[in-house]
Amino acid sequence: MLSIDHVPSSPTLPKRASAVVIGAGIAGISTALELQARGLDVVVVEKGEVAAEQSSRNWGWCRQMGRDPREIPLIKISLDLWRGMNAKIGAETGFRQCGIAYLNETEAAQAERMDWVEKYAAPEGLSTRILSGEEVAELTPGGATHFKGGIYTPDDGRAEPFVAVPAMARFFQSRGGVIVTNCAARGVELSAGRVSSVVTEKGTVATDTVILAGGYWSSRFLHNFGVRFPQLGVVTPVLRTSALDIGHERTFAATKYAVRKRLDGGFTVAHGSLTLADLTPNHIRYALDFLPMLSLEHRSLRFHLGGRFLGELRLKRRWALDEVTPFEEVRVLDPAPCNAILDDAFANLQRAFPIFRNAQVAERWAGMIDGTPDAVPVIDAIDSVPGVFMLSGLSGHGFGLGPGAGKLMAEIALGERPCVDPSPFRFSRFSDGTRYNPTTGF
């Protein structure tokens, strides 16, 4: 199990709250902070521990560059929030504005990324600039590869997943917020056609506002009361090295490796293009929804049929509110890292940048990214269940987007003027005939 900063559970579950947030990852905690700042008494319930799944297992990148254009306005707001986060909460999240570079090994990659800069970065006022091969060498010293060029966004950054969300959660608690861990939400109850309470394994909380920020588990939770949410997961392995003094501060990636400096002096390393599609029954249920995405990403996916298929097949898809749920059976989703992918990434990095040849692997882990058919999150009301809202399907972008997504979710839930156009994140796009338009970015 990955070691993260522990957040103690509040001792009791309140009987009533202005809002209940289901899930204590970056999405749930960011939303809870925004609701709390508006004067609401907020309860967060979490089936396991704070940030124990993907919110602590991601790469730690906070980037504008390479985003789906629909996400750019939201990530700009999120980066502004990240830049002020340490001061706001009075604690270290690890955020540093280090700059992020994408290194292009081929003329085709250079042309594709130049096109993205022209179409999206420039109109949105991003600081992204195009690099020549010589500029790449100056920006990322110690390399043995001549790159065709690259792109660089100097005001992108990084933060520490192991500590950031727990630090934000403790700040929420210090201001009177309640977080109850090892407390799975089993479902919601309605009164006069509207949500009136959340039922958990530890009791019921009366509320008229529920935010579902359940990550990979959101689809299963919604299915229990008849709401279809097409959502699949991919496993992304990550490793960290021990401390290594080589002077690299910038975050960068090429086709087969991605690397960032850590606060502890080591580096986080992942593969630049490979993820593991560990097949589950949902891959059959939602196959048609995800066909456009599969056609776009098939070269980056390694499919695997193993124990997860049968394990998830055994989990309930329907349950009564007084029954043990799948969320109590699987407190923390802890997928095994694919060592072959990590070994490939690490070897590629060391070949391209020999200054990493003395790096020692200190730890390996994996996380489950939850994705939507168009790789864009849902941040919206669930109209069929008034009073229930959802922030989920962040598709591997959740850590960087989290603070801004939480802000938008709070605004939607409270009927405030949204900070960005919320229409790209509407839930109805999966049922109203909208043609999915996935763009994976880079």
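The values are calculated or read from the model by the stated rules, or taken from the named source; none is laboratory data. Here the structure is a predicted model, which means the values were calculated and not measured. As a convention, Cβ positions derive from the backbone with ideal geometry for all residues, glycine included, and neighbour counts pool all protein chains shown.
Each row is one residue, and each column tells you yes or no for (1) in the same structural domain as ARG38 (by TED's automatic domain parsing); (2) touching a strand residue (DSSP E or B) at 6+ places or on another chain (Cβ under 7 Å); (3) surrounded by 22 or more Cβ atoms within 10 Å (Cβ to Cβ).
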residue: VAL163; (1), (2), (3): yes, no, no
residue: VAL188; (1), (2), (3): yes, yes, yes
residue: ALA192; (1), (2), (3): yes, no, no
residue: VAL199; (1), (2), (3): yes, yes, no
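Quick check: is even one residue across segment 81-98 more than 21 Å from ALA24 (Cα to Cα), touching a helix residue (DSSP H, G or I) at 6+ places or on another chain (Cβ under 8 Å) and not in a loop (DSSP other than H, G, I, E, B)? No, segment 81-98 contains no residue that is more than 21 Å from ALA24 (Cα to Cα), touching a helix residue (DSSP H, G or I) at 6+ places or on another chain (Cβ under 8 Å) and not in a loop (DSSP other than H, G, I, E, B). Of all the listed residues (PHE389, PHE346), the sole one being out of contact with any Asp or Glu (no Cβ under 6 Å at 6 or more places or on another chain), outside any strand (DSSP E or B), crowded, with 18+ Cβ neighbours inside 10 Å and among the aromatic types (Phe, Trp, Tyr) is PHE346.
Of the residues in segment 15-26, at least one is part of a helix (DSSP H, G or I) and touching a residue at least 40 places away in the same chain (Cβ under 8 Å).
What number of residues within segment 322-335 satisfy the criterion of being touching a strand residue (DSSP E or B) at 6+ places or on another chain (Cβ under 9 Å) and surrounded by 15 or more Cβ atoms within 10 Å (Cβ to Cβ)?
So the answer is 6.
Which ones in segment 245-298 are of a type in the set (A, V, I, L, M), surrounded by fewer than 19 Cβ atoms within 10 Å (Cβ to Cβ) and in contact with a Pro (Cβ under 7 Å, 6 or more places away or on another chain)? Once the filter is applied, which keeps residues that are of a type in the set (A, V, I, L, M), surrounded by fewer than 19 Cβ atoms within 10 Å (Cβ to Cβ) and in contact with a Pro (Cβ under 7 Å, 6 or more places away or on another chain), segment 245-298 yields only LEU296.
If you filter segment 126-180 down to residues that are in a loop (DSSP other than H, G, I, E, B) and of a type in the set (A, V, I, L, M), you find that the one that is farthest from the chain's Cα centre (by Cα) is ALA144. Here HIS146 meets the list (1) modelled with pLDDT of 95 or more; (2) more than 24 Å from TRP61 (Cα to Cα); (3) of a type outside the set (D, E, K, R) almost entirely, failing just condition (1).
The set of residues in segment 194-228 being over 25 Å from the mean Cα position of the chain (by Cα) and closer than 22 Å to ARG38 by Cα consists of VAL195, SER196, SER197, VAL205, ALA206, THR207, ASP208.
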